[in-house]
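Here is the structure we will look at.
Read the figures in this text as sums done on the coordinates, not as results from a lab. Everything quoted here is computed from the prediction, not taken from an experiment. With ideal geometry, Cβ positions are generated from the backbone for all residues, glycine too; neighbour counts draw on all protein chains shown.
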Amino acid sequence: MKAVFDTNVLIAAFLTEGLCSGLMIRARKQSFSLVLCDDIISEFEGILRKKFKITPADVSEISAIVSEATSEIIHDLSPVPNICRDPNDNMIIACAVDAHAGYIVTGDEDLLILKKHRDIVIINPRNFEALFAD
């Protein structure tokens, strides 16, 4: 199973101890394939530095953990039409399409309202975690 995490899920994975950090642990254990793109990673690192004032050294450490958890990084996204209410979220969809992912995991209402794009299910972290329930 392939999944794309949007930036807010990545932020929550590192700044809170909860559901999203548990999903990052699952990704590191390869319970599923986490796919990201350069744009998501850049946005993530920028938010850590600017909004949360995390030092460049710590951002590098966090990025190394994300790289370890990621099974694939898409470098050149195919263009997608404006699908989301927030055009900045189109890169998340483009990443998932290019990766042939089954899921986009997000807490962003602008993405969640879509529910699905092509065969990609757009799901919140709690419902994604529920897929692993025994």
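So for the chain, taking the charge dipole from beta-carbon charges (+1 Lys/Arg, -1 Asp/Glu), which of Gly107, His75, Phe44 sits furthest toward the positive end?
It is Gly107, whose Cα lies furthest towards the positive end.
Please report, in debye to the nearest 20, how large the charge dipole of the chain is about its Cα centre when each Lys and Arg carries +1 at its beta carbon and each Asp and Glu carries -1 there.
With Lys and Arg at +1 and Asp and Glu at -1, about 240 debye.
From Cα pairs below 8 angstrom and at least 6 apart in sequence, can you work out the relative contact order of the chain, rounded to a whole percent?
About 30 percent, as a whole number.
Please identify the DSSP H helices in the chain that span no less than 15 Å along the helix axis (Cα) and have a mean Kyte-Doolittle hydropathy of 0.5 or more.
56-69
For Lys29, go through the lysines and keep the ones whose alpha-carbon is under 20 Å away, minus same-chain ones fewer than eight residues off.
Hits, sequence-local ones excluded: Lys2.
Check each of the GluC sites (Glu not before Pro) in the range 1-51 and keep only those in coil by DSSP with at most 14 other C-beta atoms within 10 angstrom; list them in order.
Glu17
The chain: longest stretch without exposed chymotrypsin sites (Phe, Trp or Tyr not before Pro) (DSSP loop, at most 13 other Cβ within 10 Å), sites themselves excluded?
By the stated rule (loop sites, at most 13 other Cβ atoms within 10 Å), 53-131.
Would you please give the residues with an amide H less than 5 Å from that of Lys2, counting only those at least 5 places away or on a separate chain, with H modeled from the backbone geometry?
Distant-sequence amide H within range of Lys2: Ser33, Gly102, Tyr103.
To the nearest Å, what is the center-to-center distance of the range 4-65 and the range 66-131, using C-alpha atoms only?
Each part's Cα centre sits 15 Å from the other's.
Hey, if you put +1 on the Cβ of every Lys and Arg and -1 on every Asp and Glu Cβ in the chain, which of Thr55, Asn90, Asn8 ends up farthest toward the positive end of that dipole?
With unit charges placed on the Cβ atoms, the residue in question is Asn8.
State the label only: which of (1) 39, 37, 24; (2) 48, 31, 24; (3) 60, 39, 21 corresponds to Cα extents along the principal axes in Å computed from the shown model?
(1)
Counting other Cβ atoms within 10 Å of each Cβ, which trypsin sites (Lys or Arg not before Pro) in the range 1-86 have at most 14 and sit in a DSSP loop?
Of the trypsin sites (Lys or Arg not before Pro), the ones in loops of the range 1-86 whose Cβ has at most 14 other Cβ atoms within 10 Å are Lys29, Lys51, Lys53, Arg85.
As a check on your grasp of the helix formula, calculate [θ] at 222 nm for the chain: sum -39500 (n - 2.57) over DSSP H runs of n ≥ 4, divide by the residue count, round to the nearest 500.
-14000 deg cm²/dmol
Taking the Cα centre of the range 42-103 as origin, work out the dipole magnitude from +1 charges on Lys and Arg Cβ and -1 charges on Asp and Glu Cβ, in debye rounded to 20.
In total the dipole reaches around 340 debye.
What nm distance separates the two modelled labels at Lys2 and Ser31, each placed 7 Å from Cα along Cα→Cβ?
2.1
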